[in-house]
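Since the structure comes first, as structure tokens, the remarks are kept for the end.
The values are calculated or read from the model by the stated rules, or taken from the named source; none is laboratory data. Here the structure is a predicted model, which is why all the values come from computation and not from measurement. Here the Cβ positions follow ideal geometry from the backbone for every residue, glycine too, while neighbour counts run over all protein chains shown.
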């Protein structure tokens with residue numbers, strides 16, 4: 001996966017790594033939760049985006065302390081440089097030297113969370129909750145950490161508790177819906193995303209999430225509307241985010257109409273313009289061009305997609321069809337062999 005530049009912003013919204021296997025080979029479906037980085041600071045919340053998730057704006061002040069813990073910067077530096085044992089030592093000593101405090105456990109747990117130390121983060125967040133159960137941010141971060149630890153039921157439960165404790169937080173509604181969506185509870189996720197959108201109608205990723213959930217329930221027209229709304233929002237912001245264009249292109253390519261394929265091509269080309277190194281954008285261009293029977297152009301785009309993401313089998317599947325239509329039998333055979341090899345390899349890779 002190509003890595004987009006990290007972008008950070010402050011205000012009102014939410015992020016999600018979002019949805020493992022939402023739409024098969026759809027762009028959103030390729031994003032594991034582990035690429036979510038929630039950097040929650042005293043002044044507010046900063047979210048670092050990823051290739052498939054535009055950076056989002058979150059509720060400032062969702063997590064705030066009168067003063068940051070003195071250990072925070074030192075601990076973060078140790079974890080960043082891979083000195084986990086030393087980080088554990090100073091955090092344990094720091095906690096033992098002070099009266100038990102829910103806020104302190106939360107702050108230190110948050111630092112471990114930011115550095116992908118899910119089990120340590122979960123243990124610290126549990127301690128924070130023991131000291132003060134009415135603690136929606138701790139429940140939220142614990143739910144996300146447990147998701148990384150593959151504890152799906154408990155993760156879902158903690159995220160729902162966060163919603164119950166603070167129903168005014170868009171972030172809480174968003175992630176509760178995301179967990180349901182990730183667990184293929186598509187219809188159940190919809191009210192959570194609708195509520196998140198009610199709390200902040202300017203969040204493009206909420207629109208993307210709704211589009212994903214609606215497409216999985218067969219509501220393709222509504223899904224298209226929300227994807228278009230996401231595009232409208234990122235364009236209003238002047239953002240260089242390209243992912244919403246991929247979402248809509250993929251959706252339009254689910255059908256067989258030439259008009260839809262032409263529209264899908266336009267959106268995919270917009271994504272290429274914004275990020276020429278996106279293998280998914282080139283792949284969707286190639287897929288649209290194949291449907292439009294523009295085979296030489298399709299071949300070029302699919303070759304680019306395969307070069308940008310060598311482990312992806314999908315471009316080779318379509319290349320075999322393109323080569324067949326161009327009468328290039330040998331190349332078609334080679335593409336099928338590559339597709340079979342990569343598919344087998346990907347099926348056995350954890």
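Against the test of being surrounded by fewer than 24 Cβ atoms within 10 Å (Cβ to Cβ), touching a helix residue (DSSP H, G or I) at 6+ places or on another chain (Cβ under 7 Å) and within 22 Å of residue 112 (Cα to Cα), the options 158, 154 yield a single qualifying residue, 154. Of note, residue 297 satisfies the criterion of being surrounded by fewer than 20 Cβ atoms within 10 Å (Cβ to Cβ) and over 22 Å from residue 221 (Cα atoms). A count restricted to segment 171-213 and to residues that are crowded, with 24+ Cβ neighbours inside 10 Å, touching a residue at least 24 places away in the same chain (Cβ under 8 Å) and within 20 Å of residue 224 (Cβ to Cβ) stands at 14. With the requirement that a residue be buried (at least 17 other Cβ atoms within 10 Å of the Cβ), without any contact (Cβ under 8 Å) to a residue 24 or more places away in the chain and under 18 Å from residue 292 (Cα atoms), what does segment 320-338 give you? Of everything in segment 320-338, just one residue is buried (at least 17 other Cβ atoms within 10 Å of the Cβ), without any contact (Cβ under 8 Å) to a residue 24 or more places away in the chain and under 18 Å from residue 292 (Cα atoms), namely 320. Going by the structure shown, is residue 171 at negative phi and at pLDDT below 95? Here the answer is yes, as residue 171 does meet what is asked. For residue 254, the criteria (1) under 18 Å from the mean Cα position of the chain (by Cα); (2) within 23 Å of residue 298 (Cβ to Cβ) hold in every case but one, which is (1).
Is it true that residue 271 is over 28 Å from residue 340 (Cα atoms) and surrounded by 22 or more Cβ atoms within 10 Å (Cβ to Cβ)? When the stated conditions are applied, residue 271 passes them. Kindly check whether there is at least one residue in segment 243-260 that is more than 22 Å from residue 218 (Cα to Cα) and touching a helix residue (DSSP H, G or I) at 6+ places or on another chain (Cβ under 9 Å). No, every residue in segment 243-260 fails to be more than 22 Å from residue 218 (Cα to Cα) and touching a helix residue (DSSP H, G or I) at 6+ places or on another chain (Cβ under 9 Å). The criterion of at least 3 residues that are at pLDDT 95 or above and under 21 Å from residue 242 (Cα atoms) is met, among helices (runs of 4 or more DSSP H) falling completely within segment 280-350, by 295-308.
Of everything listed in (1) surrounded by fewer than 24 Cβ atoms within 10 Å (Cβ to Cβ); (2) in contact (Cβ under 8 Å) with a residue 24 or more places away in the chain; (3) over 28 Å from the mean Cα position of the chain (by Cα); (4) closer than 24 Å to residue 247 by Cα, the single unmet condition for residue 259 is (2).
Filtered by the rule that a residue be touching a helix residue (DSSP H, G or I) at 6+ places or on another chain (Cβ under 6 Å) and free of Cβ contacts under 8 Å to residues at least 24 places away in the same chain, segment 214-227 gives 222, 226. Quick check on residue 98: is it farther than 22 Å from residue 182 by Cα and at pLDDT 95 or above? For residue 98, the condition - farther than 22 Å from residue 182 by Cα and at pLDDT 95 or above - is not met.
In segment 194-269, counting only helices (runs of 4 or more DSSP H) that sit wholly within it, the ones holding 2 or more residues that are modelled with pLDDT of 95 or more and farther than 18 Å from residue 181 by Cα span 220-237, 243-252.
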